[in-house]
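*Asks:* Pasting a structure here, questions to come.
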Amino acid sequence: MAKAESVDLEVGGKTVTVTNPEKVFFSTRGETKLDLVKYYVAVGEGALRGVYERPTVLKRFPNGAEGDFFFQKRVPEKGRPDWLETVTVSFPSGRSAEELCPVDVAHVAWAANLGCLDLNPWPVRRHDVDHPDELRVDLDPQPGVAFETVRQVALCVREVLDEHGLAGFPKTSGSRGIHINVRVKPEWDFLGVRRSALALAREVERRMPNEATSAWWKEQRGERVFIDFNQNARDRTVASAYSVRNNPEGKVSSPLTWDEVPDVEPLDLTLATVPARFAQIGDPAAAIDDVEYSLQSLLDLSERDEMEGLGDAPWPPNFPKMKGEPKRVQPSRARKADADEEGSE
């Protein structure tokens, strides 16, 4: 029997066409592209919560989880359904793009059909694309770091957030780390939110210097968990809740309760297991939109750090030189340049 070239799914009253539905996307269990789309429909309420009315970058894996991928910021014109909604955002370069703006589960399913395993939304809503309403804590273990250490650092992040009157919602990253999202009042621009994230990272580092680091340069991180404050810079995105990640097992960036964090195992949370979990316990992050928190306490902490000599940290390489930023050069190279200069005198 010939393979179906496409399958139409009804998703919330809209038709989503799945092309090449039988193409295998995950090798461990053999899930197909159609399985991927059906997964997002099954966890649709939770997945939509993470991207609702947010500019969303398309991260496309046309040949499945183990194939090459590319980012597509601009929504393609070809094959775009007339119900698809978009929002225009601008980048540090000054350019702009019309990006996907999910408003229902059909938008999520449509992106999955394009080969988008994970969803990559901005931390802003379409009504105000310059003021984030989400602070993102990305715990990125460096090579050699056990997942147990990531869990410990996540619990320390919770402790610091609690002390500053903030509620964090944890989730596995779907890879090797843990993400913690905080809903905040959209009263600060990207600079303010990033500054808050940097202050948080430095405070966790002070409490767990052997396990956590805010060092931007890889050569300074050692075998620790890097708290990537720069994920809060403009035009940086993080895989959202219920995103499927690019690994053979189809591990999911799954929201957790804090009680689950000490024992969670990422391999237990996959494309195959999360829909049943969602149906049974619902979404642990369901309350994330209930309260918007102030960043003022973290900004006060940042000010104290600055008064004690801790200024800004390096920015990602695609950003222009920022006010107050230290030298954007690898420390070992800076030392070599200084030594060469001294030697020439």
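The values are calculated or read from the model by the stated rules, or taken from the named source; none is laboratory data. Here the structure is a predicted model, which is why all the values come from computation and not from measurement. Methodologically, a virtual Cβ is constructed for each residue, glycine included, from the backbone with ideal geometry; neighbour enumeration extends over all protein chains shown.
*Asks:* Against the definition (part of a loop (DSSP other than H, G, I, E, B), touching a Pro at 6+ places or on another chain (Cβ under 9 Å) and more than 29 Å from Arg234 (Cβ to Cβ)), how does Thr15 come out, yes or no?
*Replies:* Working: part of a loop (DSSP other than H, G, I, E, B): no; touching a Pro at 6+ places or on another chain (Cβ under 9 Å): yes; more than 29 Å from Arg234 (Cβ to Cβ): yes.
For Thr15, the condition - part of a loop (DSSP other than H, G, I, E, B), touching a Pro at 6+ places or on another chain (Cβ under 9 Å) and more than 29 Å from Arg234 (Cβ to Cβ) - is not met.
*Asks:* Determine which single condition Leu155 fails, assuming it passes every other condition in (1) within 30 Å of Glu249 (Cα to Cα); (2) among the aliphatic types (A, V, I, L, M); (3) surrounded by 21 or more Cβ atoms within 10 Å (Cβ to Cβ).
*Replies:* Every listed condition holds for Leu155 apart from (3).
*Asks:* State all residues of the stretch 30-68 that are under 14 Å from Val244 (Cα atoms) and assigned to a loop (DSSP other than H, G, I, E, B); if no residue qualifies, say none.
*Replies:* Val43, Phe61, Gly64, Ala65, Glu66
*Asks:* Then there is this: Quick check on the stretch 166-185. Is at least one of its residues modelled with pLDDT of 95 or more, more than 16 Å from the chain's Cα centre (by Cα) and more than 25 Å from Asp283 (Cβ to Cβ)?
*Replies:* Checked the stretch 166-185: no residue is modelled with pLDDT of 95 or more, more than 16 Å from the chain's Cα centre (by Cα) and more than 25 Å from Asp283 (Cβ to Cβ).
*Asks:* Here are Glu249, Glu203: which of them is more than 20 Å from the chain's Cα centre (by Cα) and either part of a loop (DSSP other than H, G, I, E, B) or on the phi < 0 side of the Ramachandran plot (or both)? Lay out the reasoning, then the answer.
*Replies:* On the way: Glu249 fails: more than 20 Å from the chain's Cα centre (by Cα).
Every option except Glu203 fails the conditions.
*Asks:* Show the residue pairs meeting these rules: Cβ distance below 7 Å; 6+ apart or different chains; first residue within the stretch 66-82 and touching a residue at least 60 places away in the same chain (Cβ under 8 Å); second residue surrounded by 14 or more Cβ atoms within 10 Å (Cβ to Cβ) and not in a loop (DSSP other than H, G, I, E, B).
*Replies:* Within 7 Å, the pairs are Phe69/Lys59; Phe69/Arg60; Pro81/Trp110.
*Asks:* Moving to a separate point now. Any residue in the stretch 272-295 that's at pLDDT 95 or above: show its pairings with residues that are of a type in the set (S, T, N, Q) and assigned to a helix (DSSP H, G or I) at Cβ separation under 7 Å, as long as the two are six or more apart or on different chains.
*Replies:* Close Cβ pairs satisfying both conditions: Leu295/Ser196.
*Asks:* For the stretch 191-236, name all the residues that are buried (at least 19 other Cβ atoms within 10 Å of the Cβ) and among the basic types (Lys, Arg).
*Replies:* Across the stretch 191-236, the qualifying residues are Arg194, Arg195, Arg202, Arg221, Arg224, Arg234, Arg236.
*Asks:* Quick one: which strands (runs of 3 or more DSSP E) sit completely within the stretch 70-157 and have at least 3 residues that are at pLDDT 95 or above, in contact with a helix residue (DSSP H, G or I) (Cβ under 7 Å, 6 or more places away or on another chain) and farther than 19 Å from Ile227 by Cα? Spell out the reasoning first.
*Replies:* Values: elements: 70-72, 86-90, 96-100, 134-141.
Passing ranges: none, list empty.
*Asks:* How many residues, within the stretch 262-321, are β-branched (Val, Ile, Thr), in a loop (DSSP other than H, G, I, E, B) and out of contact with any Gly (no Cβ under 9 Å at 6 or more places or on another chain)?
*Replies:* 3
*Asks:* Here's something else I'd like to know. Within the stretch 35-59, work out how many residues are under 15 Å from Pro121 (Cβ atoms) and among the charged types (D, E, K, R).
*Replies:* Going through the stretch 35-59 one residue at a time, the tally reaches 4.
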